[in-house]
Every structure is written in C-alpha cells, then in structure tokens.
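Input: a single structure, listed below in structure tokens.
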Amino acid sequence: MPLQKDFLWGGAIAANQAEGAYKEDGKGMALVDVLPSGKQRWDALANPNKALNTTYDHYPSHEAIDFYHTYKEDIKLFAEMGFKVFRTSISWPRIFPKGDETEPNEAGLKFYDDLFAECQKYGIEPLVTLNHFDTPLYLTTEYGGWRNRKLIGFYERYAKVVLERYKDKVKYWLTFNEINMLLHIPFFGGGLMIGEDENADQVKFQAAHHQLVASSLATKAAKEINGEDFMIGCMLAAGEVYPYSCHPEDMMKAVHDNRKQYFFIDVQSRGEYPSYTNRMFKELGVDLEMEQGDGELLKQYTVDFISFSYYSSRLTSADPEKYKDDTAGNAFKSLKNPHLEASEWGWQIDPVGLRVTMNNMYDRYQKPLFIVENGLGAVDELKDGTVEDDYRIDYMREHLKQMIEAVDDGVELLGYTSWGCIDLVSAGTGEMKKRYGFIYVDRDNEGNGTGKRYKKKSFDWYKKVIETNGEQL
Ligand code: BG6
C-alpha cells in the first residue's frame, strides 16, 4: 500500500544545535550554552554544578552552524529536496531570556516570524518543538529547574505567547523534545542538578509531573487559541526494549524497562498515571506532590498525535552480569545485541526495530504517529565538493522500508523527518564530526571552517524518495 498522498516528508533540527547567535538580539543563556564538547560533555552533563563553574575552550552551541543567519539559504536547499515539513524548535531564552519575565523579547519573536514565513514561501509546513534541551539557564540557577513547580507557569506563559503569535504560520507543535530524557540526562531534560544526598528518582519524577502538567496546559492554550486547527503532539525517545533471552525474568525486565519510557506518553496520550506507577513509585521511594486540578488537566488535555525519535532498539536482561558488556545508545545504555551492527558511536542499527516500535506504540495508543527523528551519525569526508555517503543512504533506505511495512501493518503515520537534515552540533557529544545531514557544513569540532554548505550524495537520493512518495528507495 503506498503512503498517503499528503505524507509529510522532511527533516529536523533544533535551535540549540543549529542557530548559534547565542547572545544575539537579546537572547538569554540556555542551559546547553554552558556545555563543552567531546569527552568533557558527558562529565559536564553528569556534574552540571561543576560545569557551571568551569571555563571550557569551546562551547559548540554558541555558534553552532549559524542557522540564525543562514536560514534563508538553508531552507532554500530543503525546498529543493522537496520538503513538505521542517521540524525545528523555538529557543525559549530567545523569547524569555531569563524565563521568568512577564513580557517577551520582541526581537526573538521577530526571528521566528521571518523563519516561518520563509518556510511558507516554499509551502513547507513547520513542525515546532517548544522545548528542546534549552530551558533558560536562569531557571536552573535561580529556581532549580523543573523540580520547581513555578516552571509550569513560566512555560505556560511562553507557550501562550508563541502559540498566539504563530497561529497562522504553524499547525504542528510538540510540547517537549524526548520528554523521557529527563530520567536519563536530567540536566538536559529538566535543568536539574541533583545532590548526592537526594533521592534522584523523587526529584526526576516530580520534575516529570511538572512537565506533564505544563504539556497539558500548553495543549489547553493551543485549543483555546486555534481549536482543532492546531495539532499538538508529545515526543518520546523511543526504541523498543527487547529481552536478552526468552528467560521469563528477562521478559519481565523488558516489560518494566519499556514502561519506564512509555510512562510519559501513557500520561500524555491516555490522560492519567497508569496503574503500574503505584508500585513503581513505591519501590523507587517516590512520593509525588500534586495539586488539586492536576489530574483533571491531564485527563482533559491529551495530545492529538504521538511523535518520536528512533535510532535503535534496546536490549535488557535481569542478570546484572550481562551489563559488563553494554554499549552506548541515544542516552540509554543497552546490552549488545549479537544480531545487530553498530555505528561508529556504538549505536546499534535495527531497522526492523522501527517496525516493532511503531506497531507496539500504535497498539498501545491508537493515535497517529509521527517519526520526527531518525538517521545515522557518521564521519563524512568532503571530497571534490561532495560526500559519497552511501552508508547513510543504506541506513535510511532500510529504515524507510520498515516504516512502510509498519504502515502496511495498519499503523497511522503522519510523516517522517530525518534528524539533522543539515549537519549540526551533536547533542550528546557536542561534536560537529558526528554528521547526520544531506547537506555538509564546513565546520569542525573546534568551530573552525568556512560554514559553507555542500550537497552530499544523499541529497539527491532523498529528493527522489520524496518525489516518488517513498516508492523509489
Ligand atoms: C535526540 C535529540 O536525542 O538525538 C537530538 O533529540 C539529538 O537533539 C539526536 O541530536 C542525536 O543524538 P546525538 O547525540 O548524536 O546528537
């Protein structure tokens, strides 16, 4: 069965990994602006307190790929590939530099007016994330990040301002990028700094509750501002967790691990805390503080669709011994799956896992899905003005085949945006060397380079994929 005619093909980036201009036009510091690149980055993410008091040689988000100034030429290239949709995020500290102001920064708002108008010029639908790893830093240093309930109000104000301002330009919105990252990289996901003497789970799940309420409030505001003309989605760092073996204990462990990620979407999509959370919270020593009305909000304002990133499946075991040989992944560690190959960064490659994940998510929620991130981070070599990135084409072809299989299985899918359609700063490592794009950007890990754009081989390949609506892979 072919994909629906209006299938939304496109690509995705995030403000903090592309825009640069970190202080321009009144923008405030985002939490990502204090993070270095390379090996130091994980250390900084694990000890944000230390990072705040350290001066690093290079902060990749400060200039990134300078998209703030190059967006016109970049969007022109996206249009040349035939993009129907372009996913980006609004930088919260461009609109509210510290986060707790009552009035927004007009210059910041103007930038996104221009950016979305540029998309409209080419008939490209923007898909906008409200918060993608760049909560204003001030909200962390002054308020403690999302552990503080006050952030709900600050976020709501910000959401209302941008939903109102761009209501005629943007239809698709995501409330939080990879909301489950909060449990794995709490500084990125929630601006959290957790003391050694604290119950980390208590802090993280309390912050999660605040984000879930904030997400519902943004949905409420959206419906009040533009009714059904807005489509509001949640966003999960997805990837089915497989059991290491058919041992029943491994199977049960996989059930638990899957629930840990689906927990967020269970609330955002079904509107209430799932029954398994009672026991889960008890065992983790978590006692959530909720206010009257929270439950009703969550129930009433659920999302219209479910978006997710997919880079790999994951593998788990009940046997701690097995963890001696684990591997990296998108923030979550996983056991090595002997049936899978891995990228240069150790992320395992599992196209069929995408079909598994899509089927399970659709079975669980029965709401339209949207793949808003997928792709291969690889080292590219620029030669004669291009990159022969057949490895990227192979990766994407196999994933798209499985995506189409899932649609044939009956999954409702709105669209597909590949991650990092233009090379950008890696979120996990801060490197430029880990490239995902169809467009090469001449900039290295230290920030050197002309910034010039070059089309890779995959550029024409993806153009054909879109032109034939996925018939020619
Ligand atoms: C997702 C994020 O976690 O994965 C993106 O939403 C990120 O921001 C992407 O860039 C790929 O991860 P990385 O670490 O390779 O940049």
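The values are calculated or read from the model by the stated rules, or taken from the named source; none is laboratory data. Just so we're clear, the structure is a prediction, and the values are computed from it rather than from any experiment. Quick reminder, even Gly has a Cβ in these numbers, built from the backbone with ideal geometry, and neighbours come from all protein chains shown. Protein only, heavy atoms only, side chains kept; ligands, DNA and RNA dropped before computing areas. Shrake-Rupley method; radii C 1.70, N 1.55, O 1.52, S 1.80 Å.
Suppose the filter is within 12 Å of the ligand (Cβ to nearest atom), out of contact with any Pro (no Cβ under 7 Å at 6 or more places or on another chain) and within 25 Å of ILE265 (Cβ to Cβ); does ALA427 pass it? Yes; evaluated as a whole, the condition is true for this residue.
Here VAL128 meets the list (1) out of contact with any Lys or Arg (no Cβ under 6 Å at 6 or more places or on another chain); (2) farther than 27 Å from MET81 by Cβ almost entirely, failing just condition (2).
Residue-by-condition table, conditions (1) open to solvent by 10 Å² or more (accessible area, probe 1.4 Å); (2) within 17 Å of ALA222 (Cα to Cα):
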{"site": "TYR122", "(1), (2)": "yes, no"}
{"site": "PRO126", "(1), (2)": "no, yes"}
{"site": "LEU130", "(1), (2)": "no, yes"}
{"site": "ASP134", "(1), (2)": "no, no"}
{"site": "THR141", "(1), (2)": "yes, no"}
{"site": "LYS150", "(1), (2)": "yes, no"}
{"site": "PHE154", "(1), (2)": "yes, yes"}
{"site": "TYR158", "(1), (2)": "no, yes"}
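Taking segment 366-459 as the region of interest, the strands (runs of 3 or more DSSP E) fully inside it that hold 1 or more residues being of a type in the set (S, T, N, Q) and either at positive phi or at pLDDT 95 or above (or both) are 413-419. Taking the criterion of being part of a helix (DSSP H, G or I) and within 16 Å of the ligand (Cβ to nearest atom), the residues of segment 334-365 that qualify are GLY353, LEU354, THR357.
Of the residues making up segment 208-216, none is over 28 Å from GLY144 (Cβ atoms) and not small (Gly, Ala, Ser). How many of the residues making up segment 430-449 are among the hydrophobic types (A, V, I, L, M, F, W, C) and within 11 Å of the ligand (Cβ to nearest atom)? Here the count works out to 1.
Examine segment 344-357 for a residue that is farther than 21 Å from LYS457 by Cα, modelled with pLDDT under 95, touching a Gly at 6+ places or on another chain (Cβ under 8 Å) and of a type in the set (Gly, Ala, Ser), and state whether such a residue exists. Yes, that holds for at least one residue. Restricting ILE466, ILE393 to residues that are touching a residue at least 60 places away in the same chain (Cβ under 8 Å), open to solvent by less than 60 Å² (accessible area, probe 1.4 Å), away from the ligand (no atom under 16 Å from the Cβ) and within 14 Å of ALA378 (Cα to Cα) narrows the list to ILE393.
When GLU341 is tested against (1) under 27 Å from the mean Cα position of the chain (by Cα); (2) open to solvent by less than 40 Å² (accessible area, probe 1.4 Å), only condition (2) is not met.
Of the residues making up segment 63-104, those that are within 19 Å of THR140 (Cβ to Cβ) and either open to solvent by 30 Å² or more (accessible area, probe 1.4 Å) or touching a Lys or Arg at 6+ places or on another chain (Cβ under 7 Å) (or both) are SER91, PRO93, ARG94, PRO97, LYS98, ASP100, GLU101.
Every residue, every condition in (1) among the charged types (D, E, K, R); (2) open to solvent by less than 60 Å² (accessible area, probe 1.4 Å); (3) touching a strand residue (DSSP E or B) at 6+ places or on another chain (Cβ under 7 Å), yes or no:
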| position | (1), (2), (3) |
| --- | --- |
| LYS322 | yes, no, yes |
| ALA378 | no, yes, yes |
| HIS399 | no, yes, no |
| LEU424 | no, yes, no |
| ALA427 | no, yes, no |
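Under the condition of being over 27 Å from GLU196 (Cα atoms) and part of a helix (DSSP H, G or I), the residues counted in segment 31-75 number 13.
In summary, HIS256 fulfils each of the numbered conditions (1) farther than 11 Å from VAL303 by Cα; (2) within 22 Å of the chain's Cα centre (by Cα) with the single exception of condition (2).
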